[in-house]
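Have a look at the structure below, then the notes.
The values are calculated or read from the model by the stated rules, or taken from the named source; none is laboratory data. These figures come from a predicted structure and were not determined experimentally. Reconstructed Cβ throughout: ideal geometry from the backbone, glycine too, with neighbour counts over all protein chains shown. The accessibility values were calculated without ligands, DNA or RNA, using every heavy atom of the protein model including side chains. Shrake-Rupley method; radii C 1.70, N 1.55, O 1.52, S 1.80 Å.
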Amino acid sequence: MPVPGSELDAGRTAYARQAWEEAYRRLAGAVASGEPEHADDLERLALAAYLTGRDAECAAAWERAHRRHLAAGDPERAARCAFWLAWGLALRGEGAQAGGWLGRALAVLDAAGVGDSPVHGYVQLPPAVQAMYGGDARTAYDGFTRAAAVGDRFGEADLMTLGRLGRGQSLAMLGDVAGGLALLDEAMVAVTTGETSTHVAGLVYCAVIATCLDSWDLRRAQEWTGALTRWCAAQPDMVPYRGQCLVHRAEILQLHGAWPDAMTEAGRACGQLERAPGQTATGMAWHEVGDLHRLRGAYDAAEAAYTRASRHGRDPQPGLALLRVAQGRVDAATAAIRRALAEEHESGPHRPRLLAGCVEVLVAAGDLGGAEGAASELSEMASRIDAPLLHAMALQATGAVLLARGASRDAVGTLRRAWSAWQEIGAPYDAARTRVLIGLACRALDDHDTAALELAAAGWTFAQLGAGPDAARVAELAGHTPRATAPGGLTTRELEVLRLVATGRTNRAIAGDLFLSEKTVARHVANIFTKIDVPSRAAATAYAYQHHLA
């Protein structure tokens with residue numbers, strides 16, 4: 001038979017060990033059985049509930065702790081509990097209730113004549129967060145600065161850290177990326193040295209990783225993602241920080257070619273986030289799932305995921321447009337990517353990926369002027385921000401446009417630099433796609449040995465990753481190495497076009513496959529008809545098979 005008080009003591013012990021599930025179960029059991037409710041134990045219960053994903057139970061425990069501190073004559077602790085209750089409500093999108101509890105926190109202090117306390121700094125945070133996400137970074141910075149100053153005055157680690165975090169994010173939004181990231185590093189020092197509470201540490205991890213990714217600082221994002229992974233692994237019962245943070249981890253895993261792990265993380269993020277309505281990161285998670293399905297060739301699953309992303313407020317571009325290109329629906333892709341670019345602010349975090357996707361779509365559509373404009377803007381952004389990832393994206397986009405324009409020699413040099421950049425980042429899929437372009441450029445220069453080597457290397461990478469559509473395309477291209485002499489006097493490029501005509505592809509599809517304009521393909525087709533003396537595509541197809549060209 002349990003000794004009275006044993007559940008409470010066991011709950012405290014589990015809490016100290018960061019065994020959050022056991023801590024919640026035992027503390028909740030102790031409260032339910034009528035054991036004495038110390039306000040400190042109710043705070044522990046609230047945090048254990050939060051860390052195990054029990055939002056309603058967390059709010060109820062904070063409210064009980066608030067009332068218990070009031071009854072005990074401790075207004076400052078009561079106000080703290082009211083603040084953390086408001087903070088949790090705000091994170092879940094329940095703004096009206098959050099505002100009410102913030103007002104309650106200040107009212108309690110005013111009624112008790114408490115003119116200055118850490119809580120006065122904490123209540124500066126929600127309005128500053130609201131201003132930041134509303135695009136008013138200057139107002140946000142000022143609010144976070146005031147909060148951090150209160151934290152410094154009282155030596156309140158959580159408040160100091162959250163204030164520095166917010167100032168760093170606001171500075172980055174204002175254009176001082178280096179200064180902002182330096183403040184984020186300071187905030188992370190407090191986290192990694194154990195100065196902050198667990199729930200604040202998790203918030204800081206997620207916010208820092210998100211800001212690094214938005215600033216295209218992949219090195220920092222990888223470093224802190226690794227630290228977050230280790231931190232979460234040490235607390236396996238912990239549920240929060242596995243939503244938006246999981247999305248960011250999935251993005252990095254995808255970039256590095258760990259697609260099964262990325263899908264697992266993205267799927268878990270979808271599950272976590274959909275349990276809390278109103279989470280903006282839910283759409284991000286479904287977009288990531290859609291991208292992973294698209295890369296593997298699961299087009300129906302990709303479309304379903306992009307649809308769910310849109311349902312949760314995330315524009316599914318450029319993923320959906322790239323899916324449409326893969327499906328041969330280039331017109332739909334072109335309209336969608338142009339619309340998305342027009343709506344995205346010139347400094348918006350999604351614009352670089354939209355520009356890269358736009359280049360791919362417009363090259364497939366034969367709009368080389370539009371593709372060149374998008375590649376130029378991407379290059380300008382890369383020069384301004386000076387992030388390795390952006391440089392790799394810009395070089396690949398520029399090389400693709402050069403290849404499509406027939407400037408194969410210039411394309412090879414640019415694409416070699418893009419490949420080196422992707423290799424340095426550790427992005428195998430993007431590096432392999434660049435090698436396909438290099439192979440096509442070398443083939444256009446009649447360097448067939450190098451072209452074969454580049455395509456073979458790319459095909460091996462695609463096979464390892466499970467990139468089915470890319471692997472199939474490379475296999476097709478690699479099997480079409482031109483012969484030294486071709487029937488009818490066909491050129492190397494005309495042989496490539498004829499073989500694709502023989503597969504039933506339209507001019508638009510061929511343009512996408514070979515990174516040419518549709519007008520250029522039409523000219524090649526007309527030349528082919530003349531040289532081999534055939535009147536139609538059907539006759540050209542028959543000719544290709546008769547002469548073992550397909």
Check: At what distance in nm do the modelled label points of ALA304 and GLN18 sit from each other, each positioned 7 Å from its Cα along Cα→Cβ?
Finding: 3.8 nm
Margin query: So for each of 382-393, 351-362 I average, over its residues, the number of other beta carbons within 10 Å; can you give me the resulting order with the highest mean first?
Written below: 351-362, 382-393
Next item on the list: Largest first and to the nearest Å, give the Cα extent of the range 202-296 along each principal axis.
Entry: 31, 30, 23
Check: Using only helices, what value at 222 nm comes out for the chain when you add -39,500 (n - 2.57) per DSSP H run of length 4 or more and divide by the total residues, to the nearest 500 deg cm²/dmol?
Finding: -25000 deg cm²/dmol
Checklist line | Accessible area of the chain belonging to carbon and sulfur atoms, whole % at 1.4 Å probe | finding: 53 percent
Note to self: Using only Cα atoms and rounding to the nearest 10 degrees, what angle (0 to 90) does helix 137-154 make with the longest principal axis of the chain?
What the structure shows: 40 degrees
Checklist line | Share of pairwise Cα separations in the range 1-116, more than 21 Å, in percent | finding: 39 percent
Notebook entry, point to check: Excluding ligands and nucleic acids, what accessible area in Å² is computed for ARG508 using a 1.4 Å probe, to the nearest 10?
Noted result: 70 Å²
Checklist line | Span from the the range 125-142 Cα centroid across to the the range 89-110 one, whole angstrom | finding: 17 Å
Notebook entry, point to check: Averaged per residue, what accessible area in Å² does the chain show with a 1.4 Å probe, protein chains only?
Noted result: 42 Å²
Notebook entry, point to check: Roughly how tilted is helix 244-255, in degrees to the nearest 10 and between 0 and 90, from the longest Cα axis of the chain?
Noted result: 30 degrees
Next item on the list: Net charge near GLN327: determine it from the other residues with C-beta under 11 Å of the C-beta of GLN327, scoring Lys and Arg +1 and Asp and Glu -1.
Entry: +1
Checklist line | Dipole magnitude (debye, nearest 20) for the chain, charges at Cβ of Lys, Arg, Asp, Glu | finding: 1440 debye
Next item on the list: Quick one: what are the phi-derived ³J(HN,Hα) couplings along the range 54-64, Karplus 6.51/-1.76/1.60 with θ = phi - 60°, whole Hz, x for glycine and proline?
Entry: 9, 5, 5, 5, 4, 4, 5, 5, 4, 5, 5
Note to self: Students often check this: by mean Cβ neighbours within 10 Å, which of 412-424, 154-166 ranks highest, and how do the rest follow?
What the structure shows: 154-166, 412-424
Note to self: With +1 assigned to the C-beta of every Lys and Arg and -1 to the C-beta of every Asp and Glu, and no other charges, what is the dipole magnitude of the range 240-335 about the Cα centre in debye, to the nearest 20?
What the structure shows: 160 debye
Notebook entry, point to check: Roughly how many nanometres apart are two label points built 7 Å out from the Cα toward the Cβ at ARG416 and ALA60?
Noted result: 6.8 nm
Check: So how tilted is helix 218-233 from the main axis of the chain? Cα-based, degrees 0 to 90, rounded to 10.
Finding: 50 degrees
Next item on the list: Would you mind computing Rg(Cα) / (2.2 N^0.38 Å) for the range 397-550, counting N as its residues?
Entry: 1.04
Next item on the list: Over the range 301-449, calculate the relative contact order: mean separation of alpha carbon pairs under 8 Å at least 6 apart, over the residue count, as a percent.
Entry: 15 percent
Next item on the list: Please quote Rg/Rh for the chain to two decimal places, taking the Kirkwood radius as Rh and restricting both calculations to Cα atoms.
Entry: 1.10
